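A.B. asks: Encoded as structure tokens, here's the structure I'll be asking about.
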Amino acid sequence: MKARDGRLDKADVNAALDVRAILERFGAQFRGNRRERRIAMCPVCRDQKRRGDESVVVNYDSGEWFHHGGTPECRGGNKLALVAAFAGRDIRR
């Protein structure tokens, strides 16, 4: 990762992140096949679904995630947005 003016490039950080490591780091219970993971709790709105009814889908390859049925604030994003959501941070800052 190259620092630009003392700052990391967002695209480089996003590319270096690993979906499985993110989910494990934040203790997200997940299930799914090799291409996507489903998690029971939305990292933004904290909506918790029962096992077998997970509404948050994370693409394992791209890291793009989406909360089906979520509010506009928790509709998803990339791997960096997923980390920020789990950490309770605003990615726009």
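A.B. asks: Residue pairs, Cβ under 8 Å, 6 or more apart or interchain, first in region 60-73 and of a type outside the set (A, V, I, L, M, F, W, C) and surrounded by 12 or more Cβ atoms within 10 Å (Cβ to Cβ), second modelled with pLDDT of 80 or more and assigned to a strand (DSSP E or B). List them.
C.D. replies: Partner pairs satisfying both residue conditions: TYR60/GLU36; TYR60/ARG37; GLU64/VAL58; GLU64/GLY77; HIS67/VAL56; HIS68/VAL56; HIS68/VAL57; GLY70/VAL56.
A.B. asks: For region 22-36, which positions are open to solvent by 50 Å² or more (accessible area, probe 1.4 Å) and under 16 Å from ALA87 (Cβ atoms)?
C.D. replies: GLU24, ARG25, PHE26, GLY27
A.B. asks: Please work out which residue is nearest to the chain's Cα centre (by Cα), limiting yourself to region 40-93 and to residues that are in a strand (DSSP E or B) and at pLDDT below 85.
C.D. replies: Restricting to residues being in a strand (DSSP E or B) and at pLDDT below 85, the top hit is MET41.
A.B. asks: Something else now. For region 8-22, give me each residue that is β-branched (Val, Ile, Thr) and modelled with pLDDT of 85 or more.
C.D. replies: Selection gives VAL19, ILE22.
A.B. asks: Here's a follow-up. Of all residues in region 26-39, count the ones that are more than 13 Å from ASN59 (Cβ to Cβ) and either of a type in the set (A, V, I, L, M) or touching a residue at least 24 places away in the same chain (Cβ under 8 Å) (or both).
C.D. replies: Residues meeting the conditions: 2.
A.B. asks: Tally the residues that are surrounded by fewer than 11 Cβ atoms within 10 Å (Cβ to Cβ) and within 15 Å of MET41 (Cα to Cα), restricting the search to region 74-92.
C.D. replies: 1
The values are calculated or read from the model by the stated rules, or taken from the named source; none is laboratory data. Remember, predicted model here, so these are calculated numbers, not experimental data. FYI the Cβ positions are ideal-geometry reconstructions off the backbone, even for glycines, and counts take in every protein chain you see. Side chains are part of the model used for accessible areas, which takes the heavy atoms of the whole protein and leaves out ligands, DNA and RNA. Shrake-Rupley method; radii C 1.70, N 1.55, O 1.52, S 1.80 Å.
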